[in-house]
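Notes follow once the structure below has been shown.
The values are calculated or read from the model by the stated rules, or taken from the named source; none is laboratory data. Keep in mind that this is a model prediction, so the values were computed, not measured. Here the Cβ is made from the backbone with ideal geometry for all residues, glycine too, and neighbour counts use every protein chain on show. To get the accessible areas, we keep the full protein, side chains included, count just its heavy atoms, and leave off ligands, DNA and RNA. Shrake-Rupley method; radii C 1.70, N 1.55, O 1.52, S 1.80 Å.
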Amino acid sequence: MRLRHWFATSLTFSAITLCGAEVPVAEAESVGMSTDRLLRIDAAMQRHFDAGNIQGAVTVVARKGKVVHFKAHGLMDVEAERPMEKDAIFIMMSSTKPVLGVAAMMMIEEGLIRPRDPVSKYIPEFEDMQVAVLKEPEDEDISPFRIDRRNLPEHRLVPAQTPITIEHLLTHTSGLASGGLGSAVSERTERTTLAEYIPTLGGAALDFQPGTRWVYSGGTGLDVVARVIEIVSGMPYDEFVQSRIFDPLEMTDTHYNLPASKESRRVVIQGRNMSRWSEETTYFSGSYGLSSTARDYLHFEQMLANGGELFGRRLLGSRSVEMMGSNRLGDLYKGFSQNAKGLGFGYTVAVILDPIAAGSRRSAGAFGWGGAYGTRSWTDPAEELTGVLMLQQPHPGAQYDFENAVRQAIID
C-alpha cells in the first residue's frame, strides 16, 4: 500500500456527548500531560500510514477522567479515498472479550456464579471430560501446544484430573478448543445459538489438563461463560450486554448485528471481502463478534478506570474491577509466544506485572486486551489513564508507537 493521502481530524469540542452523557475534554496540561508530546501520536500514525502498514486509525487518550486526545487518521475506505472519521465503526474481533469479562464479574458480584464453580454445575454435558495426550504411557501428560489436523500423532484420551471451572475459562487455562491435540481430534459443530452449540462441547477432548497451561481459546472458551450467563440471568447474552453494559455506558454504536443505517460508517478493510460482516448472526459470542467505535470503547475503559462507574451509573464495585484486572495465574501466563516475561493474566485481560521485563509502555497494574484486526484498549490505574487504538491492520509497530507516544506525554 503506497498511499500518500492523509487526513487527521482534531478534537475541537468541549465534551464528547452521547444521549446527554458527557465525557469531559480538557487541556492536556491540566491532567499532567503535554499537548505538544501528544502530537507525536499523529506523527506515528502518519509514518505507519505512509509506509503502508495501516490504512488509517482512530486514537483516544483520557487521563483523570478527561479526554486529552481524540483524532482520526488516514482512510476508512482506500479505494474511495474516503478520510477516516472519528465515529468510524471497526470490527473488534477479540476486543469483544473484556465485555464478557465485565458481564461475568456482574454475575460473580450478584452471587449467581462463583469463579471456581465447575461448568458442569450449569451445563451437565461438561461432566467427565477427557484430555487428548500422546499414545505412549510415559507421555501421558504430554499434549503438543499446536497440532496440524492433517498430520495427527498417535494419541489416546485420559480423564481430566479436575473439572473445567468458570475461572479456567476466564483465564484461558481450561484446555478447551485452544488449538492443541484435543481440538484436532474433536468434531466441529455448526454454531447457531449458544444454547444449541455450547452443550455439544461437552463431548470435545481437551488440549491439556485444566489449570496446567495458559493457551488461548480464541473463539470458544468464553462462549461457554456467555452461555452460563444466559442460564443464570435468564436473558439471552446479547440482550444482557445491551441492557447491563452498553446502554448504561451510552455505547450506542456497539453491535453484534450492525444496523443497515450504520453500514456506511464501517471501515472498509483493504484487501478483505466485507460482505460477510453484513450477514446477520444468531450466535452471540463472548469471544468475538462486536463492531464498535473508539468513543464507545473509551466509555468502556473509562468505566473500568473509574472503578466500575461512569455517568453516575455503577456497573461493578471497585474491588470487582481490581479482581478482574489482577493476575490470577502466578507465573503461568507467558503470552502467545510462551516465553514472554513480566506479564500476568486476569479475567479476560492481560496484566502488566513488570513493565521493564515485559518491554511494555504501560505501568505495572495496567490491564487490557486487543483484537486480531489491530484494535487495542487498556486501563492504567496507576496513571489514571485509558487508551484506545482502533486499527484494522494488526501492525505491532503501530500499536507500540501509539502506546509509547501516550506514555512519554505524561509529564507530572
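If Tyr347 meets every condition in (1) hydroxyl-bearing (Ser, Thr, Tyr); (2) over 13 Å from the mean Cα position of the chain (by Cα); (3) open to solvent by less than 20 Å² (accessible area, probe 1.4 Å) apart from one, which number is that one?
For Tyr347, the failing item is (2).
Working carefully through the options Ala184, Ala104, Ala195, find the one that is assigned to a helix (DSSP H, G or I), touching a residue at least 60 places away in the same chain (Cβ under 8 Å) and under 29 Å from Thr282 (Cβ atoms).
Ala104
Would you check if Asp238 is open to solvent by less than 30 Å² (accessible area, probe 1.4 Å) and touching a residue at least 24 places away in the same chain (Cβ under 8 Å)?
When the stated conditions are applied, Asp238 does not pass them.
Which residues, counting only those in region 312-333, are surrounded by fewer than 22 Cβ atoms within 10 Å (Cβ to Cβ), among the small types (Gly, Ala, Ser) and under 24 Å from Ile166 (Cβ atoms)?
Hits for region 312-333 are Gly317, Ser318, Ser320, Ser326, Gly330.
Given the condition in a loop (DSSP other than H, G, I, E, B), touching a Leu at 6+ places or on another chain (Cβ under 9 Å), among the β-branched types (Val, Ile, Thr) and without any contact (Cβ under 8 Å) to a residue 24 or more places away in the chain, answer yes or no: does some residue in region 173-181 qualify?
The first filter runs over region 173-181 and keeps only residues in a loop (DSSP other than H, G, I, E, B), leaving 173-180.
In the following step, the residues that additionally are touching a Leu at 6+ places or on another chain (Cβ under 9 Å) were identified as 173-178, 180.
Subset that is among the β-branched types (Val, Ile, Thr): 173.
Keeping just the survivors that are without any contact (Cβ under 8 Å) to a residue 24 or more places away in the chain gives none.
No, because not a single residue in region 173-181 is in a loop (DSSP other than H, G, I, E, B), touching a Leu at 6+ places or on another chain (Cβ under 9 Å), among the β-branched types (Val, Ile, Thr) and without any contact (Cβ under 8 Å) to a residue 24 or more places away in the chain.
Could you please find all residues in region 314-342 being among the acidic types (Asp, Glu) and over 20 Å from the mean Cα position of the chain (by Cα)?
Asp331, the sole residue that qualifies.
Please tell me if Pro115 is out of contact with any Pro (no Cβ under 6 Å at 6 or more places or on another chain), more than 20 Å from Leu315 (Cα to Cα) and either in contact (Cβ under 8 Å) with a residue 12 or more places away in the chain or open to solvent by 10 Å² or more (accessible area, probe 1.4 Å) (or both).
No, not satisfied.
Those residues that are open to solvent by 50 Å² or more (accessible area, probe 1.4 Å), in a loop (DSSP other than H, G, I, E, B) and at pLDDT below 95, I need them from region 271-311; list them, please.
Within region 271-311, Gly271, Arg272, Asn273, Glu279 meet the criteria.
May I ask you to verify whether Gln209 is touching a strand residue (DSSP E or B) at 6+ places or on another chain (Cβ under 9 Å), open to solvent by less than 30 Å² (accessible area, probe 1.4 Å) and of a type outside the set (Ser, Thr, Tyr)?
On the way: touching a strand residue (DSSP E or B) at 6+ places or on another chain (Cβ under 9 Å): yes; open to solvent by less than 30 Å² (accessible area, probe 1.4 Å): yes; of a type outside the set (Ser, Thr, Tyr): yes.
Taking the combined requirement at face value, the residue satisfies it.
Hey, could you check region 372-394 for residues that are over 16 Å from the mean Cα position of the chain (by Cα) and not in a strand (DSSP E or B) and say which is farthest from Ser320 (Cα to Cα)?
Going through region 372-394, the residues over 16 Å from the mean Cα position of the chain (by Cα) turn out to be 381-385.
Filter once more, keeping what is not in a strand (DSSP E or B): 381-384.
Numbers: Pro381: 14, Ala382: 17, Glu383: 19, Glu384: 17 Å.
It comes out as Glu383.
Scan region 354-402 residue by residue and report those that are among the acidic types (Asp, Glu) and buried (at least 23 other Cβ atoms within 10 Å of the Cβ).
Passing the criteria: only Asp380.
Quick test for you: out of Gly211, Gly221, Gly203, pick the one residue that is modelled with pLDDT of 95 or more and at positive phi. Full working, then the answer.
Values: Gly221 fails: at positive phi; Gly203 fails: at positive phi.
That would be Gly211, the only listed residue that is modelled with pLDDT of 95 or more and at positive phi.
Looking at Ile147, is it over 30 Å from Ser278 (Cβ atoms), open to solvent by 30 Å² or more (accessible area, probe 1.4 Å), hydrophobic (A, V, I, L, M, F, W, C) and more than 23 Å from the chain's Cα centre (by Cα)?
The answer is yes for Ile147.
Which condition number in (1) assigned to a loop (DSSP other than H, G, I, E, B); (2) over 25 Å from Trp214 (Cβ atoms); (3) in contact with a strand residue (DSSP E or B) (Cβ under 8 Å, 6 or more places away or on another chain) is the one that Ala398 fails?
The failed condition is (1).
For region 209-241, how many residues are farther than 11 Å from Ser285 by Cα, in a helix (DSSP H, G or I) and charged (D, E, K, R)?
So the count comes out to 2.
Of everything in region 63-84, what is part of a strand (DSSP E or B) and open to solvent by 30 Å² or more (accessible area, probe 1.4 Å)? Give them in sequence order.
Listed by number, the residues that qualify are Lys66, Lys71, Asp77, Arg82, Pro83.
Which condition from (1) loosely packed, with under 14 Cβ neighbours inside 10 Å; (2) at pLDDT 95 or above is the one that Phe336 breaks?
Just one mismatch for Phe336, condition (2).
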